[in-house]
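Scroll down for the structure; my scribbles are underneath it.
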Amino acid sequence: MTHIGASTVTSKGQITLPASLRDKFGIRSGDLVEFFEGYDGTIRMRIRAKSAAALAGMLAHLKPDPRFGSDDEAIAAETAARDERSKRSASDEAP
């Protein structure tokens, strides 16, 4: 294992991840970090989820569907279409 940083535990049990570590692994405020204990006593950490801000950046290329005035209308239309397909599929399978 390679040493990549150190941090001091505060009186509240908190640590600050070194900036070089956060930058290297893309860890941002709001990300969930999980800790695991190895059989040999080592502690490993894993970045479990990206923050909402990071996710918003990943979705920035998506544009609203101009056929609908709101997300609610688009969801309602998709739900109705799926329901209709389900009904057709069920009637096709009926004896």
Value at 222 nm in deg cm²/dmol, rounded to 500, when DSSP H runs of n ≥ 4 in the chain each add -39,500 (n - 2.57):
-12000 deg cm²/dmol
For residue 24, go through the aspartates and glutamates and keep the ones whose alpha-carbon is under 18 Å away, minus same-chain ones fewer than eight residues off.
34
Which residue fluctuates the most in the chain, going by a Gaussian network model with Cα springs under 10 Å, if the choices are 20, 70, 29?
70
Between the modelled labels at residue 10 and residue 92 (7 Å from Cα along Cα→Cβ) the distance in nm is 5.9
Residue 19 versus residue 77, label points 7 Å from Cα toward the beta carbon: distance in nm?
4.8
Cα-centred dipole magnitude for the chain, charges only on beta-carbon of K, R (+1) and D, E (-1), debye, nearest 20
480
Expressed in angstrom and ordered largest first, the alpha-carbon extents of the chain along the principal axes are 66, 38, 27
Considering the options 90, 6, 61, tell which one lies farthest towards the positive end of the dipole of the chain, charges being +1 on Lys and Arg and -1 on Asp and Glu at the Cβ, about the Cα centre.
6
Measure nothing fancy, just the Cα-based angle from helix 71-93's long axis to the longest principal axis of the chain, in degrees from 0 to 90, nearest 10.
60
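No value in this document is a laboratory result; all are computed from the given coordinates. From a predicted model like this one, the values you see are computed outputs, not experimental measurements. A quick note on method: Cβ atoms are made from the backbone with ideal geometry, for glycine too, and the neighbour counts reach across all protein chains shown.
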